[in-house]
Amino acid sequence: MRKCFKMRKYISVFRYKVVHLPMKFECSHIFMNKILYAFAVIAAFTSCASSYHVQGSSSVSALDGNMLYLKAVKGGEVKNIDSCDVVHGEFHFAGLLDTVRMANLFMDDESIMPIVLEEGEITIKIDDAMQSVGGTPLNDSLYKFIDKHNQLSNRMNELSHRQSQMLLDGIDEDVINQKLSVEAAQIAQEEDALVTKFIVDNFDNVLGPGVFMMITSQYRYPILTPQIEDIMSKATRKFKEDSYVKDYYKTAQENEARMNGLEEVAEPQPRPSVPDTLATPQLSAPLTNVPQQ
């Protein structure tokens, strides 16, 4: 009991002495606490911020010694997010990330390939035969899709080579066209199914709206194709509220009403703005590009 009393007495004396510190020292102490608190807040925000890290390698001589850029659409404008030099076939990007977003890798004004900027270690490999991005979930998913799509594009391109060879072999042109048109329709159907499934599976992340922009940017005016109607009939609220998707679908419905005579006939409204420097290749073409000398 005596020990407890002595301890309480010691604590009370300690408190008394702290309370009666000299004013100058007390003010300095308060000021230091404020500084430490400010640093703690900054550190907390910094630790919560996401960051991206992109490590790239290239065996394409046209890239070596050139500047590469990461560009994305922000507020309807194309903006440079990051840039770096290609040195001995190696390049690197890194920075803070306010949100996961689709971007494109550029050399000057020439688009090379799409990339998802997300948290994690992203790897880019570029050579004459293939271009790929991986290491993070959305990029892995995007390039599995692109690989399958490129296989369909190659099959479609092969039809024209076969047509030329069949003509050289003396086969009747009508017979050739009849045979190859059936195969072309089959490939187009497979492409339609591939693209639709990918968008539907990614309604609620950046890949869904990104690929939707790809399939609609090929049209001069927004139109409602069976594929687009099918996608929108299944769409989630988040997908429908994407700024590009929302503007495109609204304008397409207005154009459809004009063409059906439900509104005054007028020039169809153009599709929502997609900056030319970020124009995506049509899905009948490869979705990546290797700059040439």
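Just to be sure I understand the curve: with the Debye formula and one point per C-alpha of region 47-143, what is log10 I(q)/I(0) at q = 0.12, 0.25 Å⁻¹?
-0.35, -1.50
Counting only the heavy atoms of the protein chains, how much of Val78 is accessible to a 1.4 Å probe, in Å² to the nearest 10?
That residue has around 50 Å² of solvent-accessible surface.
Tell me which residues come under 5 Å, amide H to amide H, from Gly89 once H is placed; ignore anything under 5 positions away on its chain.
Gly65
Quick one: which of Lys71/Lys148; Lys144/Lys238; Lys79/Lys197; Lys148/Lys197 span more than 19 angstrom between C-alpha atoms?
Lys71/Lys148; Lys144/Lys238; Lys79/Lys197, as the Cα separations exceed 19 Å there.
Whole number in Å², please: accessible area per residue of region 65-205, 1.4 Å probe, ligands, DNA and RNA not counted.
Here the per-residue accessible area is 54 Å².
In whole percent, how big is the carbon plus sulfur part of the accessible area of region 49-184, probe 1.4 Å, protein atoms only?
Taking all protein chains in place, region 49-184 shows 48 percent carbon and sulfur surface.
The values are calculated or read from the model by the stated rules, or taken from the named source; none is laboratory data. What you see is a predicted model; the values in this text were computed from it and never measured. Each accessible area value is taken on the protein alone, full model and side chains, heavy atoms only, with ligands, DNA and RNA left out. Shrake-Rupley method; radii C 1.70, N 1.55, O 1.52, S 1.80 Å.
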